[in-house]
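Novice: Just passing along the structure, written as structure tokens.
The numbers here are math on the coordinates, done by the rules we state, and not lab data. A quick note: this is a predicted structure, and the numbers were derived from the prediction, not measured. Methodologically, a virtual Cβ is constructed for each residue, glycine included, from the backbone with ideal geometry; neighbour enumeration extends over all protein chains shown.
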Amino acid sequence: MSQRLPWIVAGVAAVAAVGLVVTRRAGGTGVHPDPRAGVTAERVVPPSLVLNTPGAAGAYAAARSAPQVLDGVYCHCDCSKHAGHRSLLTCFESDHGARCDICMGEATLAAQLAARGSSLAEIRHAIDQRFGP
């Protein structure tokens, strides 16, 4: 029995890992929030206070340039579940956005697409395709 125990433990761990992946994929993407009327970038961290991490300054600038778009986008780092964030915009109202590659990538892409005239639906689709499960 003692020789089989490591194999049993490894088997249980493998089944749990597969179950987690299947559950994650079955859950699909999160629900995109409805953007709030009149939302602004007033709560986005100002440039002088943004952490000096690669990509952070550009991502916070993106959040400031398109707050109404980011407010209607679900953040695929799932911070709505673990940090209580309402939308992608919320990530940039603290230092969270500067510590998360997903947040920075989503914000940058969303702002670029918005500047090209993409609709919110098109932006959401692009975000889901690149960052979703």
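Novice: Rounded to the nearest 0.05, what FRET efficiency do HIS82 and THR108 have when you use their Cβ-Cβ distance and R0 = 22 Å?
Specialist: FRET efficiency, HIS82 to THR108: 0.50.
Novice: Using 0.36 nm per residue, how much length does the chain from LEU51 to VAL31 gain when fully extended, once their Cα-Cα distance is taken away?
Specialist: 4.3 nm
Novice: Another question, if that's okay. If I take R0 = 30 Å and measure r between the Cβ atoms of ASP95 and ALA115 in this structure, what FRET efficiency does the formula 1/(1 + (r/R0)^6) give, to the nearest 0.05?
Specialist: 0.75
Novice: Right, something else. Can you sort LEU70, LEU51 by how many other beta carbons sit within 10 Å, fewest first?
Specialist: In order of increasing Cβ crowding within 10 Å: LEU51, LEU70.
Novice: For Cα pairs less than 8 Å apart in space and 6+ apart in sequence, what is the mean separation divided by the residue count of the stretch 47-131, i.e. the relative contact order in percent?
Specialist: 33 percent
Novice: To continue, here is another question. Can you give the local net charge around LEU109? Use residues other than it whose beta-carbon is closer than 14 angstrom to its beta-carbon, Lys and Arg +1, Asp and Glu -1.
Specialist: Taking every Cβ under 14 Å from that of LEU109, the sum is -1.
Novice: Please report ILE123, ILE102 as a ranked list, fewest other C-beta atoms within 10 angstrom at the top and most at the bottom.
Specialist: Sorted ascending by nearby Cβ count, the order is ILE102, ILE123.
Novice: Which loop-located GluC sites (Glu not before Pro) does the stretch 31-133 contain, where loop means any DSSP state but H, G, I, E or B and the Cβ has at most 13 other Cβ atoms within 10 Å?
Specialist: GLU42
Novice: Suppose each label sits 7 Å from its Cα in the direction of the beta carbon; what would the VAL39-GLU122 distance come out to in nanometres?
Specialist: Reported label-point gap for VAL39 and GLU122 is 2.0 nm.
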